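Working notes, structure below.
Values in this text are rule-based calculations from the coordinates and carry no lab data. What you see is a predicted model; the values in this text were computed from it and never measured. Positions of Cβ are generated from backbone atoms using ideal geometry, with glycine treated the same way; all protein chains shown enter the neighbour counts.
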Amino acid sequence: MLFQIKLKSFSLRFLVFFLTIVFCLPAFFPLYAQTAEVIAPAQTVEVSVALQTAETAVQEAPAAVQTAEIAVKEAPSAAQTSEAKIEISGQIKAEAPAAVPEAPAAPAQKPMKVSASKRSVYITPGQTFDLSAITLSAKSAEGKDEPVKIESWSADTGSVNLNVYTPPSASFAGTVTLLANYNDAGETKSFEIEMKVRTVYISERIIVLVIALILGLIIVISINSTLSGKSYFIRKIGGLNAIDEAIGRSTEMGKPVLYLTGLSDVSSIATIASISILSYVARKTAEYETSLLVPCCRSLVMNTAREVVKESYLEAGKPDAYNAENIKYITDDQFGFVSGVDGIMLREKPAANFYLGHFMAESLIYAETGNSIGAIQIAGTSEFSQIPFFVAACDYCLIGEELFAASAYLSRKPKDVGTLRGQDIAKLVIMAIVIIGVVLETVAAVNPGLSSSLGMYKSLFQTK
Amino acid sequence: MFLRKTLPLIICFLCGVFAIVGFFSAEGTSINTYYEKLAKWNSIIAAFAMLLGIGNLIRVNFIKITRNHQDKLFCAILIASLLITAFFGILGGVMPTKPVFYATPGKTFDLASIPIITKNSDRQIVPVKIDSWTAETGSVNLTTFTPPADFKGDVNLVANYTNEGKTKHINIKVKVHEPGFKEAASNFVLNKCAYIFEYFIKPLQSTMFSLLAFFVASAAFRAFRAKSFEATILLVTAFIVMLGRVPIGTSIWPGFAGISEWILSTVNMAGSRAITLGAAVGATAAALKIILGLETRYLGGE
């Protein structure tokens, strides 16, 4: 029996090794098939050549360059099974039709390659712009930047002279095209500069600032209220109540707890909310002396999670139980990470799985694999499209905002409870705004004369 | 304590306030310029953190190998794959690059090794018939190019072909010199990272993604069991939506499509917006807590 198991294990390892060799080597073999004279990539290659248009080229010189798409394909070789799209630069010369006699080629004089100190400039409405701030330069034959004299300026709107641009009116806002005209070998050419006349703030976003300030004010007032000793009722959240039960189950079964913070980096609010819950879960696992596995998709999350779990173990008075190797980075790749986590699930067989954070298409793969190993599963995400998968496949699911409310729910600290209350008041305000909008929309549908009021109301909340 | 808690909170507050002000600043203002730079810093920090992650990955798997762990073979494959991909990515670039053609002085170069193809009006790739070749040095005919025996450098070969009755030309650069290790090494690493991505990583990703089809079926089987009134409503709704989205449903009764669309655009959308609004308010509150230093658990401890 033991021999059979060893033989099976050896066969599996040999198969993996053999497949690795078989798949890896063909990638490199074609190189050895090349002759000494020509060393070229062994794949079929497609080459695109993009240069000037034919029309322009023919106008400029008889043998000008035109746009074309070509492809260079390698000769067949024994190991050619792959394809790679490759771009090279080349030239396609266009000849004038035979019936039209070609003019004798003039000595080729390259046009100056002019660059500007600024391609885009910005002013506020009512302001004039000092054009001396913009200079043109061109590369000399020696490769040095030499200034190009601007002969005149022109603009598609407003007034302009050699020194100053003035917008058409004090209230004008928009984009203006300024042309700096210069002389190139006796020919007048123009360099285009974009000027944007706008306010220093984005006026369409002011409503967002106002709402954020109101929300912030509500939260601060709520926190002060809770700090002064007022207590508030928090409704039961099944998924969060089950955290202790799930960790307890793992402890009884002597199996680890698996915790995932999702795909996003620490810059995501969902990840930070998840890390806050991780802090609580880690303290519990430390108290129960249960192993906690935290595979991470982002290296920054791994470092943050390590710090948080370490602190939690210290707080629980079990610093020795902390094992940094249990919080590991796997890969940034979405499905690479999924396969890594699935592997951990199948090998370690955790009794409790937590999926809290930002999840995408991989959510159901985790949930179903976790279900197949019989783990109790608690999930939570603010990503609407993934909530149905978690609801269908997990035992408990935190829906949307419950993920952000979790830290307050678990800690019951005044500042957290105050924030939660602030959130609820903000939601009430939003509900009122929505209800007013629905009423106005309905009334405007019945009485079209009121549609202007509806338009005004809508414009209040339009952002850019 | 100052370095572990206070300083990160100060940095977080300053960056948070700066990012908020930057969000409301118009393009071209100095605040907006630095706001955009701040986003780039994030990428740079993440790149450094990636090194930490890779270091951790190698360390964890290397320890398993040295401790003779039962999965040591997989650990070795993982480390080898990481090193091989990094080697080709760093030296050969991650994107397909231009092909380079090399010829040896005095020896013939087979022009058939660079047959030229183009896309026709139907966007199909077809070979281009070359009428003649010309070269600025050496001798060339329809099939071979021979650089002078004492020449070293780049030669522009011109392939002449006819397109819509007009003679056109394609320039191809051939490097002429004695074959050396540098060129061989350069070609060895060239494009291999793209190859690894195209023929190893993409199929593996597709395999994992395709598992979803089976998992959706098994999850649906469990979710749609009519154990309670709510589960029965879910089952009926899902059945109608499914029938409305597949051809057989509309063949049975064309009304399924309309009902399905109404469920998705009205009933489902109402729930979706409620959840999204709630989550947005929650995220805003969480962000405010972090910026104001009320939430410190992400720094470790309470």
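Excluding same-chain neighbours fewer than eight residues apart, the aspartates and glutamates reachable from residue B:64 by a Cα-Cα span under 17 Å are A:325, A:348. Report the residues of the range B:210-235 in range of a label on residue B:268: point 7 Å along Cα→C-beta, backbone N strictly under 19 Å from it. Those under the cut-off are B:212-225, B:231-235. With a 10 Å cut-off around each Cβ of B:26-33, the average count of Cβ atoms from other chains is 5.
Among the helices of chain B, those built from whole DSSP H runs whose Cα atoms reach 15 Å or more along their own axis and whose mean Kyte-Doolittle hydropathy is at least 1.6 are B:7-24, B:72-92, B:229-245.
Measuring against 18 Å, Cα to Cα, the residue pairs A:196/B:37; A:139/A:189; A:255/A:284; A:118/A:149; A:113/B:168 contain A:196/B:37; A:113/B:168 as the ones spanning a longer distance. The mean count of C-beta atoms from other chains within 10 Å of the C-beta of residues in B:205-215, rounded to a whole number, is 5.
Take each peptide in B:258-267, A:331-340, count the other Cβ atoms within 10 Å of every residue, and average; sorted highest first, the result is A:331-340, B:258-267. Neighbour counts of other Cβ atoms within 10 Å put B:272, A:203 in the fewest-to-most order A:203, B:272. Packing around the peptides A:356-368, A:185-197, B:283-295, taken as the average count of other Cβ atoms within 10 Å per residue, puts them in this order, highest first: A:356-368, B:283-295, A:185-197.
Tell me, A:223, B:65 in order of fewest to most beta-carbon neighbours within 10 Å? All intermediate terms of the calculation are to be shown ahead of the outcome.
Values: A:223 21, B:65 16.
Least to most surrounded, the residues fall as B:65, A:223.
Of B:5/B:289; A:328/B:202; B:119/B:175, which ones are farther than 19 Å apart at the Cα?
Values: B:5/B:289 15 Å; A:328/B:202 24 Å; B:119/B:175 27 Å.
Pairs exceeding 19 Å: A:328/B:202; B:119/B:175.
Give me a single rounded figure for A:401-407: the average over its residues of other chain Cβ atoms within 10 Å of their Cβ. Mean inter-chain Cβ contacts per residue within 10 Å come to 6.
Per-residue packing, averaged as other Cβ atoms within 10 Å, sorts the ranges A:396-402, B:127-133 into the order A:396-402, B:127-133, beginning with the highest. Starting from the 7 Å offset along Cα-to-Cβ, what nm value, one decimal, do you get for the label separation of residue B:150 and residue A:436? Distance between label points: 9.1 nm.
Normalised by the number of residues in the range A:238-406, the mean separation of alpha-carbon contacts (under 8 Å, six or more apart) gives a relative contact order of 27 percent. With R₀ set to 35 Å, the beta-carbon distance separating residue A:213 from residue B:276 gives a calculated FRET efficiency near 0.95. Counting 0.36 nm for each residue step from residue B:31 to residue B:222 and taking away their Cα separation leaves a gain of 63.4 nm. Between residue B:207 and residue A:252, the simple spin-label model (points 7 angstrom out along Cα→Cβ) gives 3.8 nm.
Within straight-line reach of residue B:173, meaning a Cα separation under 12 Å, sit the following aspartates and glutamates at least 8 residues removed in sequence or on another chain: B:136, B:154.
Taking Cβ atoms as reference points and 14 Å as the exclusive limit, the residues near residue A:166 contribute a net charge of -2, counting Lys and Arg as +1 and Asp and Glu as -1. Taking label points 7 Å from Cα along the Cα-to-Cβ direction, residue A:227 and residue B:257 give a separation of 6.1 nm.
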